[in-house]
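Novice: Below is the structure I would like to discuss, written out as structure tokens.
Laboratory data are not the source of any read-out in this text; all were calculated from the coordinates shown. In this text, all values refer to a predicted model and were calculated from it rather than measured experimentally. In this analysis, Cβ positions are derived from the backbone assuming ideal geometry, glycine residues included, and neighbour counts consider all displayed protein chains.
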Amino acid sequence: MNKTSQSLAAAVSEIGDGATVMIGGFGGSGAPIELIHALISRGPKDLTVINNNAGNGRIGIAAMIDAGMVRKMICSFPKSSDPRAFTDKYLAGEIELELVPQGTLAERIRAGGAGIPAFYTPTAYGTELAEGKPISEFDGRHYVQERWLKADFAIIKAHLGDRHGNLTYNKAARNFNPLMCMAAASTIVQVSRIVEAGEIDPEHVVTPGIFVDRVVEVSQPRQEEELIRAGVTYA
Amino acid sequence: MTSIAQEEIKLTNAQIAWRAAQDIVDGAYVNLGIGFPEMVARYQPPGREAIFHTENGILDFGEAPKPGEEDWDLINAGKKAVTLKPGASFFHHADSFAMVRGGHLDVAILGALQVAQSGDLANWRVGSKGVPAVGGAMDLVHGAKQVFVITEHVTKNGEPKLVEKCTFPLTGVACVTRVYTSHAVIDIVERRFVLREKLAALSVEELQSMTGAPLHIEGSVADLIVPEV
């Protein structure tokens with residue numbers, strides 16, 4: 001059992017045209033910038049990307065959108081401090097948007113990973129985001145049926161990882177990442193440090209290795225917030 | 001339309017936040033929406049400890065760090081850097097929204113474009129133009145035991161924000177339980193606005209003229225008294 005990968009390029013080498021890709025992170029926290037940039041170097045097109053946001057500045061997901069790789073975004077909040085990449089393409093009709101309430105997005109991903117094809121939630125009942133979806137009444141309240149979300153690949157940032165794929169996260173960078181690890185056919189994770197199996201106390205493992213396929217070490221991961229403040233662009 | 005005299009008799013945003021903060025009991029689990037609602041945290045009465053939830057995955061976060069000491073893996077839902085209090089915890093998004101929808105939060109406080117007498121809330125989008133973005137707003141209005149709105153009583157143009165029926169796109173249906181405005185405190189009871197407190201300088205008739213749906217009175221209406229903050 002050895003899920004470690006020697007390079008970022010090798011880690012993303014199977015992601016091809018038309019893939020559905022979950023990308024971890026909430027804004028910059030937990031965003032796998034180095035894996036995203038390796039994917040841009042590889043350059044698959046026509047991707048469906050699932051993330052809470054839709055990129056910021058000219059790096060990460062925004063740079064994927066700038067590069068014309070993204071056909072559709074599934075997200076809750078496609079705005080940021082510098083949302084030009086998504087906004088320009090969206091207003092030009094060049095990118096599709098499926099807007100999902102944040103908690104529903106999280107639960108749809110969890111359901112995808114847990115083998116639950118649909119569930120009912122009170123969120124969005126009576127709003128435009130529930131239009132066309134089945135409604136049911138349970139104990140006198142109305143609920144909206146939502147479908148699971150699954151992906152071909154997830155690219156994720158974590159803190160520690162081992163060759164089994166066991167993971168820990170750093171603070172609030174956990175966010176969507178454990179859920180996305182579960183919901184993708186192939187989960188690729190960049191970690192700040194690869195440790196020996198057994199070094200992560202089993203009591204502290206957040207994502208068990210069964211949900212992880214590849215682990216690649218990026219010892220000094222860059223932070224989206226800092227790159228944006230420094231005016232860094234991908235190109 | 002609101003007269004100039006009425007414009008002058010009103011609470012500041014800080015005073016609205018102060019008034020809402022007085023209704024958060026010791027030990028409450030509270031989510032404050034991004035922006036204006038975040039101000040409520042400043043006015044917690046002494047001796048009460050509320051635990052603040054941020055939907056990106058922290059319970060019991062505190063003040064912003066000093067400039068230069070930000071940790072961008074330690075942020076709130078507004079993507080601003082925060083610090084932790086002793087007893088804080090981290091969790092993933094599905095657990096975070098289970099806390100919301102599952103009825104575990106005591107209070108959620110949000111801003112509003114419009115609130116209807118039925119408790120419907122519109123606060124995420126003005127129309128169909130531009131890029132729509134909802135975030136956690138539609139989740140946060142469901143599940144908390146109390147959903148408070150803090151808002152100006154009327155828009156900048158003097159239009160009522162408390163209305164019979166929302167005309168902006170809805171965030172949630174029959175979800176708001178109490179509204180703190182620049183002029184009054186109003187509960188939503190059985191699809192009606194029930195006036196609980198109003199500024200003493202304002203008559204019920206004047207307040208009604210600024211409100212887009214009937215104000216009901218059950219028992220006494222207290223004076224809305226807020227210190228300078």
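Novice: Starting from the Cα of residue A:219, step 7 Å along the direction of its Cβ; do the same at residue B:14; then give the gap between the two resulting points in nm.
Specialist: My value for the distance between the label points is 5.0 nm.
Novice: Pairs A:89/A:150; B:10/B:165; A:171/B:165: which exceed 32 Å Cα-Cα?
Specialist: On the way: A:89/A:150 25 Å; B:10/B:165 24 Å; A:171/B:165 42 Å.
Listed pairs above 32 Å: A:171/B:165.
Novice: Remind me, relative contact order of chain A in percent, using alpha carbon pairs under 8 angstrom and six or more residues apart? Present the calculation step by step, with values, prior to reporting the outcome.
Specialist: Numbers: 565 pairs, mean separation 57.2, N = 235.
After rounding, I find 24 percent.
Novice: May I ask you to sort A:61, B:75 by Cβ crowding, counting other Cβ atoms within 10 Å and putting the fewest first? Please list the in-between numbers first.
Specialist: Working: A:61 30, B:75 26.
Listed from fewest to most nearby Cβ atoms, that is B:75, A:61.
Novice: Quick one: order B:89, A:5 by neighbouring beta-carbon count within 10 Å, fewest to most. Present the calculation step by step, with values, prior to reporting the outcome.
Specialist: Working: B:89 11, A:5 20.
Least to most surrounded, the residues fall as B:89, A:5.
Novice: Here is a further query. Determine the alpha carbon to alpha carbon distance for each of A:133/B:129; A:133/B:145; A:72/B:129; B:79/B:198; B:80/B:129 and list only those over 30 Å.
Specialist: On the way: A:133/B:129 23 Å; A:133/B:145 26 Å; A:72/B:129 19 Å; B:79/B:198 35 Å; B:80/B:129 27 Å.
Violating the 30 Å limit, Cα to Cα: B:79/B:198.
Novice: Further question on the same structure: Among the lysines, which fall within straight-line cross-link reach of residue A:3, defined as a Cα-Cα distance under 17 Å, with same-chain neighbours fewer than 8 residues apart omitted?
Specialist: Counting by Cα, and skipping residues close in sequence, residue A:3 has these lysines nearby: A:157.
Novice: Excluding same-chain residues fewer than 8 positions from residue B:85, which aspartates and glutamates have a Cα within less than 17 Å of its Cα?
Specialist: By straight Cα distance, residue B:85 reaches B:26, B:38, B:49, B:55, B:60, B:63, B:69, B:70, B:71, B:73.
Novice: In addition: Give the Cα extents of the range B:13-218 along the principal axes, in whole Å, largest first.
Specialist: 51, 42, 33
Novice: Starting from the exponent 0.38 and prefactor 2.2 Å, build the expected Rg for the range A:158-198 from its residue count and divide its actual Cα Rg by it. Spell out each step's value before the answer.
Specialist: Values: Rg = 10.1 Å, N = 41, 2.2 N^0.38 = 9.0 Å.
Working it through for the range A:158-198, the quotient is 1.12.
Novice: Which three extents, in whole angstrom, do the alpha-carbon atoms of the protein assembly as shown cover along their principal axes, largest first?
Specialist: The Cα atoms of the protein assembly as shown stretch 74, 48, 48 Å along their principal axes.
Novice: Grab the DSSP H runs of chain A that are 4 residues or longer, score each as -39,500 (n - 2.57), total them, divide by all residues and round the 222 nm result to the nearest 500 deg cm²/dmol.
Specialist: On the way: 7 runs with 55 residues, N = 235.
That calculation yields -6000 deg cm²/dmol at 222 nm.
Novice: Taking θ = phi - 60°, what integer Hz values does the Karplus form 6.51 cos²θ - 1.76 cosθ + 1.60 yield along the range B:156-163, in sequence order, with x for Gly and Pro?
Specialist: Result, rounded to whole Hz: 4, 8, x, 6, x, 9, 9, 10.
Novice: Classify chain A as rounded, prolate or oblate, taking a ≥ b ≥ c as the square roots of the eigenvalues of its Cα gyration tensor: rounded when a/c is under 1.5, otherwise prolate if a/b is larger than b/c and oblate if not. Mind showing how you got there, number by number?
Specialist: Details: a/c = 1.86, a/b = 1.21, b/c = 1.55.
It comes out oblate by the Cα gyration axes.
Novice: Further question on the same structure: What number, rounded to the nearest 500 deg cm²/dmol, is the helix-based mean residue ellipticity at 222 nm of chain B, given -39500 (n - 2.57) per DSSP H run of at least four residues and division by all its residues?
Specialist: Numbers: 5 runs with 33 residues, N = 229.
That calculation yields -3500 deg cm²/dmol at 222 nm.
Novice: Over the range A:115-235, what portion of Cα pair distances is larger than 19 Å, expressed as a whole percent?
Specialist: Values: 4342 of 7260 pairs.
Result: 60 percent of Cα pairs exceed 19 Å.
Novice: Determine, for each peptide in B:62-72, A:210-220, A:139-149, the mean count of other beta carbons within 10 angstrom over its residues, then list the peptides with the highest first.
Specialist: Result, highest mean Cβ count within 10 Å first: A:210-220, A:139-149, B:62-72.
Novice: Over all directions, the average projected area of the alpha-carbon convex hull for the range A:48-90 comes to how many nm²?
Specialist: Numbers: hull surface 9.7 nm².
Averaged projected area of the range A:48-90's Cα convex hull equals 2.4 nm².
Novice: Taking a point 7 angstrom from the Cα of residue B:225 along the C-beta vector, which residues in the range B:162-195 have backbone N less than 17 Å away?
Specialist: B:184-185
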